[in-house]
Amino acid sequence: MQSTVVLEPPVRLRLLRYTKDAPRLVAAAARITVSKKPVEKAWEMDEAGVERWIMELIRRGHGSPLEHAVYTFEAECSRVCSHQLVRHRIASYTQQSMRYTEGFLRNMALELCKALGVECAEKPRGRSDYEAYALVLEKAVSVLDTATLASIASKGFVIPPSLTGDNVTLRGAVEAYLLAAAKYYRLLSLGVPREDARFLLPQAVRTRIVFTMNARELLESFLPLRMCSHAQWEIRMLAWRAWKELVRIHPEIFAYAGPRCVYMENRVRDQPCRLVDFLERRCGFAIQRCPEMVPREGIPSCLRHAAKTGGGLEP
């Protein structure tokens, strides 16, 4: 009987910090643009007033008040994904350095040591410890079954869903990952610096990155581009998770956010629609096509596909 393959989630995301009173701050900033009142007076409005001013920003595309609200996330993903993430220039990033640590790889190697019943140094102190890691990685490829091997490999590397369809493909990918990691540790055992040994590692290697974006960047750039079904699957997954966190804390701002089709549609509607209303087909599309050239009649199914594969909703 075949063992079930249980992989680590490709993407993990946490919202670390955010502007607590962002909706009111954004609404007050919008209000003072057309009022002689000082900010403290503009601040004095009920919840309906806050929502009304934010809705006006969305309808008019008036983005500058949104820049006062900031959100900080911690993401765990592959370096394929993090490289796409840092292309968003109106943001701040701090990423785990592989010049100083290989934490995800080491955790993976230690799990393989346990699976093989081999004693390994938890914190390698010298060249012999790194050589032991290399030997364990090579041995694991030879003796462990595919399910076990893939499960442990996913602690150090992201495994794309397209590679998990059959055991032959999955096995080939996992072996490639582990043998690359073995060569990495062998170079460390020979005294090669981490900053040079890492050149052998696949882009699938896991990383941790902290990033901060303001609400304007999120609403106008990051979420529209990366929630789309045309975005690469991993960063799409990250974007849908970010949206779920944002709409949980500040629905007044982010309930109307979504892929570019939603962003574009809400710019031309008299009354913007929430993303969930588009997904559940309570709102339709008036635009002739989306920026990715999908015609109007195809947009709803494309949007639902993005939601399903992104993991943000189960429509």
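Quick rundown of the values:
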| quantity | calculated |
| --- | --- |
| Enumeration of residues in region 101-137 that are acidic (Asp, Glu) and within 29 Å of the chain's Cα centre (by Cα) | 102, 111 |
| Qualifying residues in region 12-30 (those that are among the charged types (D, E, K, R) and either surrounded by fewer than 19 Cβ atoms within 10 Å (Cβ to Cβ) or touching a Phe, Trp or Tyr at 6+ places or on another chain (Cβ under 6 Å) (or both)) - the one farthest from residue 310 (Cα to Cα) | 21 |
| Residues (closer than 25 Å to residue 48 by Cβ, among the aliphatic types (A, V, I, L, M) and open to solvent by 10 Å² or more (accessible area, probe 1.4 Å)) located in region 244-265 | 247, 249, 255 |
| Inter-residue pairs, beta-carbon under 6 Å, first farther than 12 Å from residue 150 by Cβ and in region 160-181, second surrounded by 12 or more Cβ atoms within 10 Å (Cβ to Cβ) and hydrophobic (A, V, I, L, M, F, W, C), 6+ apart | 180/200; 180/201; 181/105; 181/137 |
| Residue within region 239-247 that is in contact with a strand residue (DSSP E or B) (Cβ under 7 Å, 6 or more places away or on another chain), assigned to a helix (DSSP H, G or I) and either among the small types (Gly, Ala, Ser) or farther than 23 Å from residue 93 by Cα (or both) present | yes |
| Sole residue being in contact (Cβ under 8 Å) with a residue 60 or more places away in the chain and either in contact with a Phe, Trp or Tyr (Cβ under 9 Å, 6 or more places away or on another chain) or not in a loop (DSSP other than H, G, I, E, B) (or both), chosen from 147, 140 | 147 |
| From 241, 289, 206, 236, residue being surrounded by fewer than 17 Cβ atoms within 10 Å (Cβ to Cβ) and either free of Cβ contacts under 8 Å to residues at least 12 places away in the same chain or more than 19 Å from residue 57 (Cα to Cα) (or both) | 289 |
| Sole exception among (1) in contact with a Ser or Thr (Cβ under 6 Å, 6 or more places away or on another chain); (2) open to solvent by 40 Å² or more (accessible area, probe 1.4 Å) for residue 125, by number | (1) |
| Filtered residues of region 37-71 (kept if crowded, with 16+ Cβ neighbours inside 10 Å and among the β-branched types (Val, Ile, Thr)) | 50, 54, 58, 70 |
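The values are calculated or read from the model by the stated rules, or taken from the named source; none is laboratory data. Just so it is clear, the model here is predicted, and its values are computed rather than measured. Backbone-built Cβ (ideal geometry, glycine too); neighbour counts: all protein chains shown. We work out accessible area using only protein heavy atoms, side chains counted, and drop any ligands, DNA or RNA first. Shrake-Rupley method; radii C 1.70, N 1.55, O 1.52, S 1.80 Å.
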